[in-house]
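A short write-up of the structure that comes next.
Quick note: the coordinates plus some simple rules give every number you see, no bench work behind them. This structure is a prediction, so every number in the text was calculated from the model and none was measured. Because the Cβ atoms are built from the backbone with ideal geometry, glycine has one as well, and the counts that use them run over all protein chains shown.
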Amino acid sequence: MAKYSTGSSSGGGGTNCELCGAESDSLERASVAGAELEVCPDCAPHDDQKRTQSRSSSDSGSSGRDDDEPSRKQKAAQNVAKANPVWDGDSEHWEKEGTNYDDDPLPYLVSDYGEKATEARQEAGLQREELAEELGAREKDLLAVEQGRATQAGVGGGLIEALEERLDVTLAE
C-alpha cells in the first residue's frame with residue numbers, strides 16, 4: 001500500500017488508482033513491475049501475473065526462457081536505472097527540492113480534493129500563478145493538487161494546510 005493515501009480505505013468506495021490516480025469504485029489488487037498496487041479497471045491489464053498467464057497460454061509452453069531469468073521489461077528497467085544518475089545513490093539533487101516526509105507529512109486527503117481546491121481557487125478569483133506566489137509554493141505543486149496527484153508529486157502537508165486556510169476549503173480528513 002502506498003505510504004500516503006489519497007482516498008478512503010480499500011473497504012469503501014471513492015479511492016484512487018495507485019497507478020494512474022483515477023478515482024474508481026472498483027479497484028483491484030495488481031502486481032505491476034514488482035509492486036503490489038490497487039488499480040482501476042483501465043490499469044488492470046498491466047498486472048504482471050495476468051499478462052504472464054495470457055502469454056503462457058498463447059505460447060503453448062515453449063517460451064525458451066527460464067523462469068528465473070528476468071523478463072525483457074525487467075532487464076530494460078534495470079538498464080535504465082543503471083544509466084540514469086537519479087538512481088545512482090546520490091540523492092542530493094532531489095533532497096533539496098523534495099518533500100521531507102518526516103517534517104511535512106501529507107495528511108489523508110478527501111477523495112475529491114483536487115476538484116475542491118480548483119473550485120475554491122476559482123471562487124476566490126485567483127489564477128494558479130497568483131496563488132502559488134502568495135503561498136510561496138511552486139505552481140507545479142498547486143497543479144498536482146488540483147489534478148489529484150499530490151501524493152505522486154511529493155506535495156507536503158504544509159501546502160495542503162496553507163490551501164485549506166487561504167481558500168477556506170477542507171482537503172484533508
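Using the Karplus relation 6.51 cos²θ - 1.76 cosθ + 1.60 with θ = phi - 60°, the per-residue 3J(HN,Hα) values for the stretch 131-140 come to 5, 4, 5, 4, 8, x, 10, 7, 4, 5 Hz, with x marking Gly and Pro.
Modelled this way, with points 7 Å down the Cα-to-C-beta line, the labels at Glu133 and Glu119 are 2.8 nm from one another. A crude spin-label estimate for the pair Arg166 and Asp48, with each label 7 Å from Cα along the Cβ direction, gives 4.1 nm. Once both labels are positioned 7 Å from their Cα atoms along Cα-to-Cβ, the gap between Leu143 and Tyr108 label points is 3.1 nm.
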